[in-house]
Each structure stands twice: as structure tokens, then as C-alpha cells.
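The values are calculated or read from the model by the stated rules, or taken from the named source; none is laboratory data. Note that the coordinates shown come from a computational prediction; the quantities given were computed from them, not determined experimentally. No Cβ is skipped: glycine too gets one built from the backbone with ideal geometry, and neighbour counts run over all protein chains shown.
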Amino acid sequence: MADTPTIGILAPHRSNTCLQTLRLLHDECERHGIRTRELGKCTADTDWPSILLCLGGDGTILSAAEEAARRHCIIAGVNLGHLGFLSACGRDEVVRLVQAVSSASFQVEERSMLQVTQSGPGAGTTSHLAVNEVALMRAQTGKMIDVDVELDGTLLNRYHADGVLVATPTGSTAYSLSAGGPLLWPAARVMCLTPICPHSLTNRSVVLPENVEITLRPRERRGRSGESLIYSTDGQATHSIPLNAALIIRKAPLNLRLLSLPGSDYAARLRAKLGW
């Protein structure tokens, strides 16, 4: 049909499992009259479809998330990895996924994102988006950092730690969880600030309203003025930051749109993924 939408397929890791799933996906889409187009990678220059199927783990989804959000593209993940918190289904549910796309019987979850902007001399105005978290740390592993954290311009604390991360509710099951942060429901309108291996045991995670502006200001430590710091977004992209700069983190104006199948139950997902 002339008005049949084309769905994109992103499958960067061509394992045997991936290739078998890919064949099944193409066969089912053809059976339902759905056109498919495989994408080598997702960039700003990509001709974006309205729905993108990502075959792999959460990392595959995260690699496409920023541009997908900017293009208002719906992402459906087929989990071929380990946890797959962001995925719509596993490889055993591909037939059901294609049926849901064909009949438009799926739901769309709007997941909040973070927008991080570096400020300071020569920083420019470039912003990056994150689905899970923004993490600030020293470029040289094994060294701690001092960082002042401000909330809407008011000092909260100076942390002496391996790093500091700010996570979304979606990211509460990722790096934030490993760093000791709490589990947050995806629809919660909050952010979570967590020090990474803090020197003081009283430094704990702080759950904040999503409309607060968080500023991370690295501070020079004695004898370490020449060392550099970095910040990462979702563990996908890493950027350097000088000591005289700061990171401004806000709730992003865009959301990530995730496809979920009818009857999806987040509590059941937590039980399955976390072994409860």
C-alpha cells in the first residue's frame, strides 16, 4: 500500500542470534505488509523512520536515543543482550511485536531525559541529551575529584568522590543503581544525584524534583591542577571539561519515546531483570 509506513531496523552486532532474529523480523514484516529498511547507524543525517526497531541490548537503544528524541521517533527494542530494561520484548516475542506495529495496538512510553550544557571559558553552547545519566569523573582512573553541587544556584555539598552522577528515573536501574542509588519508577517526575564511591559515608543519593537546575563545579585539588576531568552521557559519549568550567544539568525539553506492548508490567520487569 502506498501509505504503509516504513520501519527502520538497527542491528549493529551481527551475531548468529541477531541474524536469526533479523530474518524472522523481515519475514513477519513482509507477511503484514510492512516495509523495512536497515540502518547502518543513526546520525543526524539519517533519514529517520517513524518507528525504529533496535536489535541488541540497552546500549543499542542508547546509541540512537538522542537523535531519535530530536526526531520524535518511536524506538522499539528487541532484547538480545543481558538485562534489556529499555526493550519492548525479547527475541521470542518478535511475532507479537510486529503484530502490534501492524495493528497500531502498542503504547508509547514518554521517558524523561537530561540536558547537559558545559559553561565557562571557551565552552560554547553545545548541549547533549542523556536517557540514563550524566556522570562527571576524573579522566585518570583511580583518582578522586572535588566537585561542588549547586541546586538552582544554592550550594548543596562539596563531594570528594570518584565522581558524581545525575540520573533519570529510567537510569535508576543503570549506573546509578551500581553506585548505590535508589530504584525510581519510570513515570516519577524526579532526578537522582548520587556520588560515586564518596570519601564520606554520610554522602548519599538525593532525590530531587525534575524542575531543579543542577550545577556541577569541579574544584582543583592540591597538587593535581594539571589533571583533566571528563563527563559522559549514558556511557556512550565522553567529553572533557576543564577545572574552571561547570556542567549545567536540567530536565530536557524532549522525551525518549519507547514502544511498549499491550499489558506491559514494569513491576514484573523488575522481578525478572533483578531476580526478585
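Of the residues in region 168-180, how many are within 23 Å of Glu109 (Cα to Cα) and either surrounded by fewer than 20 Cβ atoms within 10 Å (Cβ to Cβ) or over 16 Å from the mean Cα position of the chain (by Cα) (or both)?
The number of residues fulfilling the criteria is 1.
Can you spot a residue in region 100-109 that is touching a Lys or Arg at 6+ places or on another chain (Cβ under 8 Å) and modelled with pLDDT of 95 or more?
yes
All but one of (1) in contact (Cβ under 8 Å) with a residue 12 or more places away in the chain; (2) more than 16 Å from the chain's Cα centre (by Cα) hold for Leu114; which doesn't?
(2)
Looking only at region 60-69, decide whether some residue is under 28 Å from Val212 (Cβ atoms), charged (D, E, K, R) and either without any contact (Cβ under 8 Å) to a residue 40 or more places away in the chain or surrounded by fewer than 16 Cβ atoms within 10 Å (Cβ to Cβ) (or both).
Taking every residue of region 60-69 in turn, at least one turns out to be under 28 Å from Val212 (Cβ atoms), charged (D, E, K, R) and either without any contact (Cβ under 8 Å) to a residue 40 or more places away in the chain or surrounded by fewer than 16 Cβ atoms within 10 Å (Cβ to Cβ) (or both).
Only one of Ala100, Ala88, Ala104, Ala76 is touching a residue at least 40 places away in the same chain (Cβ under 8 Å), under 13 Å from Ile51 (Cα atoms) and more than 23 Å from the chain's Cα centre (by Cα). Can you tell me which?
Ala100
With the requirement that a residue be at pLDDT below 95 and in a strand (DSSP E or B), what does region 233-245 give you?
Those that are at pLDDT below 95 and in a strand (DSSP E or B): Ala237, Thr238, His239, Ser240, Ile241.
Going by the conditions given, is Thr168 over 24 Å from Arg138 (Cβ atoms) and in the same structural domain as Lys143 (by TED's automatic domain parsing)?
No; evaluated as a whole, the condition is false for this residue.
Any chance region 211-222 includes a residue that's at pLDDT 90 or above and of a type in the set (Ser, Thr, Tyr)?
Among the residues of region 211-222, at least one is at pLDDT 90 or above and of a type in the set (Ser, Thr, Tyr), which makes the answer yes.
What single numbered condition from (1) of a type in the set (D, E, K, R); (2) out of contact with any Asp or Glu (no Cβ under 7 Å at 6 or more places or on another chain); (3) within 17 Å of Ala245 (Cβ to Cβ) fails to hold for Asp162?
(3)
Given the residues Thr202, Thr117, Thr215, which is the only one that is of a type outside the set (Lys, Arg), in a loop (DSSP other than H, G, I, E, B) and more than 30 Å from Ala268 (Cα to Cα)?
Details: Thr117 fails: in a loop (DSSP other than H, G, I, E, B); Thr215 fails: in a loop (DSSP other than H, G, I, E, B).
Every option except Thr202 fails the conditions.
Kindly provide the set of residues from region 161-199 that are in a helix (DSSP H, G or I) and among the aliphatic types (A, V, I, L, M), ordered by number.
Once the filter is applied, which keeps residues that are in a helix (DSSP H, G or I) and among the aliphatic types (A, V, I, L, M), region 161-199 yields only Leu177.
Which pairs do you get when a residue that is not assigned by TED's automatic domain parsing to the domain that holds Ser232, found in region 210-221, comes within reach of a residue that is outside any strand (DSSP E or B) and surrounded by 16 or more Cβ atoms within 10 Å (Cβ to Cβ), reach meaning Cβ atoms under 6 angstrom, with the pair 6+ apart or on two chains?
none
Spot the failing condition for Lys143; the list is (1) touching a residue at least 24 places away in the same chain (Cβ under 8 Å); (2) part of a strand (DSSP E or B), and only one is missed.
Of (1) touching a residue at least 24 places away in the same chain (Cβ under 8 Å); (2) part of a strand (DSSP E or B), only one is false for Lys143: (2).
Taking region 152-167 as the search range and keeping residues that are under 12 Å from Val206 (Cα atoms) and out of contact with any Cys (no Cβ under 8 Å at 6 or more places or on another chain), which one is surrounded by the fewest Cβ atoms within 10 Å (Cβ to Cβ)?
Leu156
Given Ser127, Ser172, which one is touching a Cys at 6+ places or on another chain (Cβ under 9 Å), on the phi < 0 side of the Ramachandran plot and among the hydroxyl-bearing types (Ser, Thr, Tyr)?
Just one listed residue meets the conditions, Ser172.
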